[in-house]
Structure formats: structure tokens, C-alpha cells
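Q: Sharing a structure, written as C-alpha cells. Questions coming.
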Amino acid sequence: MSVELERRLRALEDRAEIAELIARYGPAVDAGDGERAAALWAPEGTYQFDDTVLDADGVRTLVHYDTHVEYMRRGCGHVLSAPRIEIDGDTATAVTHSVVLVHDGDRWVAERVSANRWELRRLPEGWRVQRRLNRLLDGAEAARELLSP
Amino acid sequence: MSVELERRLRALEDRAEIAELIARYGPAVDAGDGERAAALWAPEGTYQFDDTVLDADGVRTLVHYDTHVEYMRRGCGHVLSAPRIEIDGDTATAVTHSVVLVHDGDRWVAERVSANRWELRRLPEGWRVQRRLNRLLDGAEAARELLSP
Amino acid sequence: MSVELERRLRALEDRAEIAELIARYGPAVDAGDGERAAALWAPEGTYQFDDTVLDADGVRTLVHYDTHVEYMRRGCGHVLSAPRIEIDGDTATAVTHSVVLVHDGDRWVAERVSANRWELRRLPEGWRVQRRLNRLLDGAEAARELLSP
């Protein structure tokens, strides 16, 4: 296979793999499956939202937080938008919106709408999350900055 | 073309075709086009939501249900998340969230937020839905199970 | 590289590039970055929503509209669904839903839910938006028509 062909194939595969990785987050946490959520992160990766910073072990326990348990009891969907993705060799950055919809009477309410910046790394076993930053889109400049290039 | 190259190309094409198939569902039903919605299903495929099980003919008539006609009269969007996709030869499973937003005064309200499991088959004419399972994320365990591997 | 292999690779790359182009819109406008939003359009491209028609220069100024400035002050997310894409040589059509979620007290409210039809062109520098049509899904037939083939 020529170098050029390999480069084009790899670029497509990287993009597909990263989109798949991100698409696994919502179903994992909505199913209450902390193992599957944590498996998306690199061993030394982190997840920062609001004033909290978790390591991969912390992501595993996220589904047991009071807030999350209550979301699941009421019924919730963590819905992520199709990602914007930029790949640079063995690192990549993706940007998505995320919306947490929670059941409330005869409808669902958007209790969180956030900007997300995903910093990704290619490990021998595949792409993993090195750092995910999540901030509520509540008018704060810090959230808007996550959406910039 | 080498066997390995064909395998890699095919994997990318399968993923793109399945994502496209699923992305056609929302626009078809919001446009009231039952033919186009039904065309996503295999001839013997089924769609199960709440306590209803439809075959492909049933999917064709879905847009004429009272609930759906009323959704369209008020204005509605069936918004699906980017799918998680696992392909295994000539079958595949995809998982998405779906959100039905319905116009209500000066805003839109999420009247349904569901977990969806799409079981897909490769037919000579392309990938089609063999079975789609949809359950409201209202706290029921059955909905969360659709989101598991 | 064989003609057939080049055709298959190109089809995959076109689809990925168009999905990426569309995924850049929401983050750009939510960050208040009119330059990045306008850069998605062809020089003579247009964006039509409600009763407004903008050219690419107009898209650049969109983030300074009173409505948009107020959205950003309150906190907003322009969330687009994964696109349905049809490519025909050097032109393509994509269809998405878009949802504008605006912060309101302790939740976010869907202030706009629209049908979007994106007419795209391949330019020497890559795919760009030739025409984007956006209409509120408020029960109007004109919005549903954007979702048809």
C-alpha cells in the first residue's frame, strides 16, 4: 500500500474511531455503566466539569453520584452532538455540545447544556480521552472559549 | 485491491452507510413521508416502541397515527443523536438517543426522549433495519438495557 | 491508485468533510465568532432563515444581531443533528435539524427547532455552503419541504 493511500485511509479511520468513542459516552452513563464510561479515558486522563476534576477512576464512580442516581431514577438522556474533529498525528481535539434531558412530569427538561472540548490521544489500544472539559453554556465566557479552535 | 485494503475500505463504507440510514429517519417522519421511513427497514423488519410492534408496512402508516398527525400540525422535530455503531460481518447494532421536540406556544418541548437500539442487516441492496427498539427514558430499567453493549 | 479505489476513497472523504463543515457551525456562532461561521460559506453563498436572506458577509455579522447577543448573554447552544448527506459530483445536499437551546432560570429552553437544507459546492479549497435554508418546524408546510429528498 502506498504511503499516500495509507495516510488517507488512516485519516478516515481516525475520524470514525474518535466519533465512535465520543458516541459511547452518553449510552454508558445513561445505562449507569461506569466501567464503560471510564474505558473511554486514557489511564491518566481527566474529566473536568463545573468545579470538579475527575481522573479515570473518578469517571468510573460518576454514575454513583447523588445527582446522577437521581437523574437515572427520574429518567435521563445525555445527548451529544456530532463532533467537530481536528486530528494532528497522535493527538486530536473534538468539540461537541452535550444536553442532559431529565424526565419531569409529562415531558423532559434540559437541565444541562454544555460546551465540551475533548483532547484525545492515540494509544497502542486506540484513541482515548486525555482530557475532557465541560462547562455549562450559561453565559460564562469560559464555556464559549471551549468552542473556539 | 488487496484483501486488507478491501476490508478497511468496506468497514468505513459500512459505518458511513449505517449512519446515513439512521440520519434519514427523522427527516422522513417530520416530512410525513411514510414511504421513505419504511424504505429504511428490511421487508421483514420490525419497529417496537412503547407497547406497539410494527412491521415495515406499519412503519409506512406511522405518520398517519393521530399522535403523529397532531405533532406535525403543531410542528415537530424527531432529532437523533450521532450513532454508536458496532459491525459484525453482515449484521450490525447501532445505539442512539432520540428526542421528539413539539412546538408549544413560543418554544418547543421534549415530549419524548428515548433509548434506541437498531439491529441492522446487510441486504443485496444495502444496510436495512431488521429491528428497532425504542423505549422512553422515564426511569424504566428496560430503556437503560437498550443502551448496553 | 485505481480509478475505482480513488472513487471510493473520495466518496468517504467528501462525506467526512461535509459532516465536519456542518459540525463547525454551532460552535462558531455559540462562541460569537462570525469569521469562522462565515468561512463555512462559499464567497457567493447565502443563508436564508425566516424572512431573512444573508450573503457570506451577512453571516459574519449574524453574531452581532440583538437576538444573538442576547442569546449569548443568557447562554445558548446551537445544536445540530448528524446530517443526512447526498453527494453528486461537485455538489451535495445535506439535511439536519437544528435546535437553539437558551438558558432560562434553572434550565435551558428550545427557542428554535428548525429544518435545515444545506446545498454545498466543492471549491478548490474544499466543500463550502452555497445555500442554507432554515425554517422553524412550527407546523408550516415550507419547513417540512426542506426535509424531503
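Q: What are the nm distances, shortest first, from A:Asp90 to its equivalents in the other copies, labels at 7 Å along Cα→Cβ?
A: Those separations, rounded to one decimal, come out as 4.1, 4.1 nm.
Q: Continuing with this model, one more query. Quick one: if you stick a label point 7 Å off each Cα along the C-beta vector at A:Glu44 and C:Asp55, how many nm between them?
A: Roughly 5.3 nm, to one decimal.
Q: What number comes out for the charge environment of B:Thr93, summing +1 per Lys or Arg and -1 per Asp or Glu over other residues with Cβ under 9 Å away?
A: Values: positive: B:Arg84, B:Arg117; negative: B:Glu86, B:Asp88, B:Glu119.
Around B:Thr93, the charge tally is -1.
Q: Output ³J(HN,Hα) for segment B:90-98: one whole-Hz value per residue in order, computed from phi by the Karplus curve 6.51 cos²θ - 1.76 cosθ + 1.60 with θ = phi - 60°, and x for Gly and Pro.
A: So the J values, rounded to whole Hz, are 9, 10, 7, 10, 10, 10, 9, 8, 9.
Q: OK, next. Among the GluC sites (Glu not before Pro) within segment A:48-149, which fall in a DSSP loop and have no more than 15 other Cβ atoms within 10 Å of their own Cβ?
A: Details: sites: A:Glu70, A:Glu86, A:Glu111, A:Glu119, A:Glu125, A:Glu141, A:Glu145; in loops: A:Glu125.
Sites meeting the loop and neighbour criteria: A:Glu125.
Q: Next question. Charges on Cβ only, +1 for Lys and Arg, -1 for Asp and Glu, centred on the Cα centroid of the protein assembly as shown; of B:Val79, C:Gly77, C:Pro124, which one is farthest towards the dipole's positive end?
A: C:Pro124
Q: Using Cβ contacts closer than 10 Å as the measure, can you line up B:Ile87, C:Ile22, B:Ile18 from fewest to most?
A: Details: B:Ile87 17, C:Ile22 26, B:Ile18 23.
Sorted ascending by nearby Cβ count, the order is B:Ile87, B:Ile18, C:Ile22.
Q: Residue by residue through segment C:126-142, what is 3J(HN,Hα) from phi via Karplus (6.51 cos²θ - 1.76 cosθ + 1.60, θ = phi - 60°)? Round to whole Hz and write x for glycine and proline.
A: Per-residue couplings from phi come out as x, 5, 9, 7, 8, 7, 10, 10, 10, 9, 4, 7, 10, x, 6, 4, 4 Hz.
Q: Expressed in nm², what is the orientationally averaged projection area of the convex hull enclosing the Cα positions of segment B:1-76? If you can, show how the numbers build up before the last one.
A: Working: hull surface 26.0 nm².
With every direction weighted equally, the projected area is 6.5 nm².
Q: Copy-to-copy spacing for A:His64, label 7 Å out on the Cα-to-C-beta vector, in nm, shortest first?
A: 5.4, 5.4
Q: Quick check: pseudo-label points 7 Å beyond the Cα along Cα→Cβ at C:Glu13 and B:Glu13, how many nm apart are they?
A: Going by the 7 Å Cα→Cβ label model, 1.7 nm.
Q: How high is the FRET efficiency from B:Asp138 to C:Val69, r the C-beta distance, R0 56 Å, rounded to 0.05? Mind dumping the intermediate values first?
A: On the way: r = 37 Å, r/R0 = 0.67.
Taking R0 as 56 Å, the efficiency between B:Asp138 and C:Val69 is 0.90.
Q: Measuring from the axis that superposes chain C on chain A, report the chain C residue with the minimal C-beta distance, rounded to whole Å.
A: Per the Cβ-to-axis criterion, the result reads C:Ala82, 2.
Q: Sticking with this one: Dipole size in debye (nearest 20) for the protein assembly as shown around its Cα centre, Lys and Arg Cβ +1, Asp and Glu Cβ -1?
A: Numbers: 60 positive and 81 negative charges, 75 e Å.
Value, rounded to 20: 360 debye.
Q: Taking N as the number of residues in segment A:84-149, what is its Cα Rg relative to 2.2 N^0.38 Å? List each step's numbers first, then the result.
A: Working: Rg = 14.7 Å, N = 66, 2.2 N^0.38 = 10.8 Å.
Ratio of Cα Rg to 2.2 N^0.38 Å: 1.36.
Q: May I pose another question? Relative contact order for segment C:3-146: what is it in percent, counting Cα pairs under 8 Å that are at least 6 residues apart?
A: On the way: 250 pairs, mean separation 30.5, N = 144.
21 percent.
Q: Would you mind calculating the gained length between B:Asp104 and B:Asp88 on full extension (0.36 nm times residue separation, minus the Cα-Cα distance), in nm to one decimal?
A: Details: separation 16, 0.36 × 16 = 5.76 nm, distance 4.25 nm.
Net length gain for the segment: 1.5 nm.
Q: If you put +1 on each Lys and Arg Cβ and -1 on each Asp and Glu Cβ, how big is the dipole of segment C:3-146 around its Cα centre, in Debye rounded to 20?
A: So the dipole magnitude of segment C:3-146 works out to roughly 260 debye.
Q: Something else now. Take the alpha carbon atoms of segment C:3-146, find their radius of gyration, then divide it by 2.2 N^0.38 Å using N residues; give the quotient.
A: Numbers: Rg = 15.8 Å, N = 144, 2.2 N^0.38 = 14.5 Å.
Working it through for segment C:3-146, the quotient is 1.08.
Q: Shifting gears a bit: Could you work out the helix-only [θ] at 222 nm for the protein assembly as shown, with each DSSP H run of four or more residues adding -39,500 (n - 2.57) and the total divided by the number of residues, to the nearest 500 deg cm²/dmol? Before the final figure, lay out each step's value.
A: Values: 18 runs with 159 residues, N = 447.
Rounded to the nearest 500, it is -10000 deg cm²/dmol.
Q: Taking every eigenvalue of the Cα gyration tensor of the protein assembly as shown, multiplying by 5 and rooting it, what semi-axes result, largest first, whole Å?
A: Numbers: eigenvalues 155, 137, 137 Å².
Values for the protein assembly as shown, descending: 28, 26, 26 Å.
Q: DSSP beta bridges in the protein assembly as shown, what fraction antiparallel, as a percent rounded to 5? Provide the component values of the computation, followed by the final result.
A: Details: 117 of 132 bridges.
So the antiparallel bridges amount to about 90 percent of the total.
The numbers here are math on the coordinates, done by the rules we state, and not lab data. None of these values were measured; they are calculated from a predicted model. We place every Cβ from the backbone using ideal geometry, glycine too, and count neighbours over all the protein chains shown.
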